[in-house]
Structure formats: structure tokens, C-alpha cells
1. Quick test of your reading of the structure: residue 378 fulfils all but one of (1) assigned to a helix (DSSP H, G or I); (2) in contact with a helix residue (DSSP H, G or I) (Cβ under 6 Å, 6 or more places away or on another chain); (3) at pLDDT 95 or above. Name the failing condition by number.
2. Given the conditions (1) touching a helix residue (DSSP H, G or I) at 6+ places or on another chain (Cβ under 6 Å); (2) without any contact (Cβ under 8 Å) to a residue 40 or more places away in the chain; (3) surrounded by fewer than 23 Cβ atoms within 10 Å (Cβ to Cβ), which single one is not true for residue 32?
3. Exactly one of these conditions fails for residue 348: (1) in the same structural domain as residue 82 (by TED's automatic domain parsing); (2) surrounded by fewer than 13 Cβ atoms within 10 Å (Cβ to Cβ); (3) under 22 Å from residue 61 (Cβ atoms). Give me its number.
4. Please note which helices (runs of 4 or more DSSP H) are completely contained in the range 70-157 and include at least 2 residues that are out of contact with any strand residue (DSSP E or B) (no Cβ under 8 Å at 6 or more places or on another chain), closer than 23 Å to residue 198 by Cβ and in contact (Cβ under 8 Å) with a residue 40 or more places away in the chain.
5. Out of the residues in the range 292-319 meeting the condition of being touching a helix residue (DSSP H, G or I) at 6+ places or on another chain (Cβ under 9 Å) and part of a helix (DSSP H, G or I), tell me which one is nearest to residue 350 (Cα to Cα).
6. Would you confirm whether or not the range 188-204 contains a residue that is within 30 Å of residue 48 (Cβ to Cβ) and free of Cβ contacts under 8 Å to residues at least 60 places away in the same chain?
7. Mind checking whether some residue in the range 19-30 is over 20 Å from residue 201 (Cβ atoms), in the same structural domain as residue 180 (by TED's automatic domain parsing) and in a helix (DSSP H, G or I)?
8. Checking the condition under 20 Å from residue 14 (Cβ atoms) and surrounded by fewer than 17 Cβ atoms within 10 Å (Cβ to Cβ), which residue from 149, 129, 180 passes?
């Protein structure tokens, strides 16, 4: 049995952050009912990461809203709002990611909701929290990366700020919200009390940097300095980085420089026996390494370094990765099917419980696909007054 079986989640969120949280709850067995505005639905349905469309809508929406149901409602309509409130009254969890102030204007804030459903777990994600001078700013991933200092950790020293090429802040915030909701469900099981769980995207990306921020506060306030070349971590010494080879690239993590010199037959590296120099002279060490590694193929260097238990790896693109037996063994890609029969490939939940992967064949819903079914359920509740989990 999936851990969250019989847990009902009403999802008022859109875009990426909170929907990624409800996706994880759905993967763990919860029934997630996504409330969407009529006609247009979640804005993410038309938010493209490329010109790739899946069954007429965004591949992003398809990826992050699989395994959910869609209930069409206009929250500004009194009639529709009454239906949503009836649904919330039967829910275990409510999730939204409106900007501060919007949920209060809709009359769906925590204080209001808990009067009719005291045991509800109420989760929300904001960009910057509900207080402070940034609270009204839009919670967009690139903007949060830029404000958080994270863009100064990647790339070489002369390349300016470098953002990550994925929506890392959205996904981190969603993961943190899911963690808080699950912890609160455990608390409710013990105390019968509901909770409000709040996450801000800014706090999530700051927490993501706990390692480097802690270092910054205890190294005398020195500015963050990236290496001139082959940077992969602003605070780690040589050889840490990605290096070009004769036919590709090689990633090197932590390692003793003289040992590398011996293994790679690079005598110049033996001139740095003291570990302190691997930090203070890391630019020149990396330059020596970079020039030397260009003289042979990635496979050649791996054949030397891996048997010696040096932390290293090939640098794969997706074409190479997806054809590798190491990737295939994970069964990370699953086929899911929408209500109209459209089938597409996407990733599965990365969690394994009792030796079993958490997979589901359900694709993302059409706008309002399950509205009438859910209304019928609301009108014919079971004897416990609880909505059944359609996936049980």
C-alpha cells in the first residue's frame, strides 16, 4: 500500500513550485485534485521550455501534473467557490502558491479554512515570504537564483554570474513543502491537530547553499572566489572541476595532487605535496592538469584513475546517458497515458519503498476532466463523509 493512500489533496497552485510538491504527494499515494480556472487552466499549460508541445500543451505541464485530477472552477464565482469549499472541507491537505494577499482576498486563507476543517494541513509557497521589502516580488526561478547569490558559485572567475540551466529554486521549494506537509500529517496522526506549512523560494535556495554560506561566515568574510578555469565549486581546492580531454570531458572531484601526478605521469603536479597549496595555488594546478588531460582520451584517463579509486567520471550528454546500461538499469523513464489515450514518456518518482518503485500510469489531466465526477462524489459521500481515493 502506498504511504499516502486515502489522503486527499486539494491543489490550488500553478506554475512549477507547489505543483512539484503535489506531484510528489501523488506519487506517494495521495489523491490530488487540481483546481483550475475555466478555459485557460493552470498558466503552466502554455508555459514552454521549448517549442515542444505534448497533446497541444506544454511539456512542462505534462511532466509536473501527471497522476492528478482536474476540477474546473472560477474562484471569483460564488457558486464555483462554494463547490471548492465543500471539497476543501473533506480534504486532508490544501496547497496554493498565490502571492501574499491574494488568498486572503479570495477568502481561502488558513484562518478561514481551519474554521470549517480544523485538521487540515495547509501548505503554501511564496517567492520571498509574507513579510519584508521583497514580499510582493514575483517568485520566478531565475530572479530568485540571481538574488540569492547562487549564480556567483558556478562558472569560471571571469564569466560573470552563471545561473543553473533548470528551475532549481522551484523544485527545491516544492520538495521542502512536501517534506513539511508529510511531517504535519504525522503530527496530525499523533495529535489530531492541523498545521500551516509555509515555504518561500528564497529560503529554499538559501538553504540549498548551507555548505557555502556557513563557510563564508567563518572564513573571515572573504569574498567568494571561483577558479580562473575548470570551476565546479567556488570553495573547493584543486583538482575539483571538469576538464577537456582529447575526445570529450573528464570530471575530477577531491584527490591528492601528488598522487594524481604519479598516476597521470604528470611530473609538474608532484611539486605540490602540501594540501594547503591545493587551495592557495589551485589556479596554476588546474592549468597544469587542464593542459595535460588534453593529451589523451577520456577513456584512457578513466582506465587509469578508476582502478586507483580516484573520484572521477565521464561527462555525459543525454544521448550518451540514456543509452548507457547504468541509466537503463534504473528504469527512470515511464510511459503515462492521458484520459484521451495520448501517451508520453516522462520521469518516475525517484523514491523506492520496500523494494518497489513508485510508478503510476496516469498522465496529466485535461482542464476540468474530472469536474463532474468529483461533483457527483460530493453529492454522494460515503457513510464516513469522506471522498474515496480514485486510485486505491
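The values are calculated or read from the model by the stated rules, or taken from the named source; none is laboratory data. The structure presented is a predicted model; accordingly, all values stated were derived computationally and were not measured. For neighbour counting, all protein chains shown are included, and Cβ atoms are generated from backbone atoms with ideal geometry for every residue, glycine included.
1. Looking at each condition in turn, residue 378 falls short on (3).
2. Of the numbered conditions (1) touching a helix residue (DSSP H, G or I) at 6+ places or on another chain (Cβ under 6 Å); (2) without any contact (Cβ under 8 Å) to a residue 40 or more places away in the chain; (3) surrounded by fewer than 23 Cβ atoms within 10 Å (Cβ to Cβ), the odd one out for residue 32 is (3).
3. (2)
4. 141-148
5. Filtering first and then ranking leaves 305.
6. yes
7. Yes: one or more hits.
8. Within the list 149, 129, 180, the selection yields 129.
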